[in-house]
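In what follows, a structure is listed as C-alpha cells, so that the remarks can point back to it.
Where a number appears in this text, it was derived from the coordinates with a stated rule and is not lab data. Since we're looking at a predicted model, the values are computed, not measured. Counting neighbours? That spans all protein chains shown, and the Cβs are built from the backbone with ideal geometry, glycine included.
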Amino acid sequence: MAFSKEFPDEILKDYHGPDDFYGPQGIMKQLTKALVERTMEAELTFHLGYEKHDQGEKTNANCRNGKTDKDLRTGDGPMTIEVSRDREGSFEPQVAPKHQGKRSFHGVQRI
C-alpha cells in the first residue's frame, strides 16, 4: 500500500520537535488511534455486509448501534478508542478483540 506524498506533509505540518511526535497527544498516538478506530469500522462494515449510511437493501436486520469506549494499552501509553457496536451484539473485532484482559494482541493491549 502506498500513501500519497501529501499524507506525511499534512501530519507533520505543525511539527516542532520530539514531543509533537511522541508526546501524550503526539502524532504517533493520534495516528494509532485513528487507524485502529478506522480498521474496526471497516471490520464492522464487512460483518454487516453494507457501508455506513447505505440506503440500499440490507441483507439482514442487524445494523450499527452507536459506539462504546474501550481502553487499550499501547507502546505509546494508554489510549481510549471508540468501538462501533451492532444491534445484535454479534460483531467480534479482530484488531482489538473483546474480553482480552491485559494480554498483548496486534500491537495493542487492552487495559
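For this structure, a couple of remarks:
- Distances between placed amide hydrogens fall under 5 Å for Asp86 paired with Asn65, Phe91, all partners being 5 or more residues away or on another chain.
- Under 30 Å, Cα to Cα: Lys pairs in the chain, sequence gap 8 or more or different chains: 28
- Rounded to the nearest 20 debye, the dipole magnitude of the chain is 500 debye, with +1 charges on Lys and Arg beta carbons, -1 on Asp and Glu beta carbons, and the Cα centre as origin.
- Here's how it looks for Thr74: its modeled amide H is under 5 Å from those of Met79, Gln109, which are all 5 or more places away or on a different chain.
- Rule-of-thumb Rg ratio for the chain [Cα; 2.2 N^0.38 Å; N residues]: 1.24
- Compared with the direct C-alpha span, the chain from His47 to Leu35 gains 2.5 nm at full extension, assuming 0.36 nm per residue.
- When the GluC sites (Glu not before Pro) in the stretch 1-71 are filtered for DSSP coil states and for at most 15 other beta-carbon atoms within 10 Å of their beta-carbon, the remaining sites are Glu51, Glu57.
- In the chain, the longest principal axis of the Cα atoms and the axis of helix 27-48 are about 10 degrees apart.
- Counted by Cβ distance under 12 Å from Phe3, the other residues give a net charge of -2, where Lys and Arg count +1 and Asp and Glu count -1.
- Among the trypsin sites (Lys or Arg not before Pro) in the stretch 1-96, those placed in a DSSP loop whose Cβ has at most 14 other Cβ atoms within 10 Å are Lys5, Lys13, Lys52, Lys58, Arg87.
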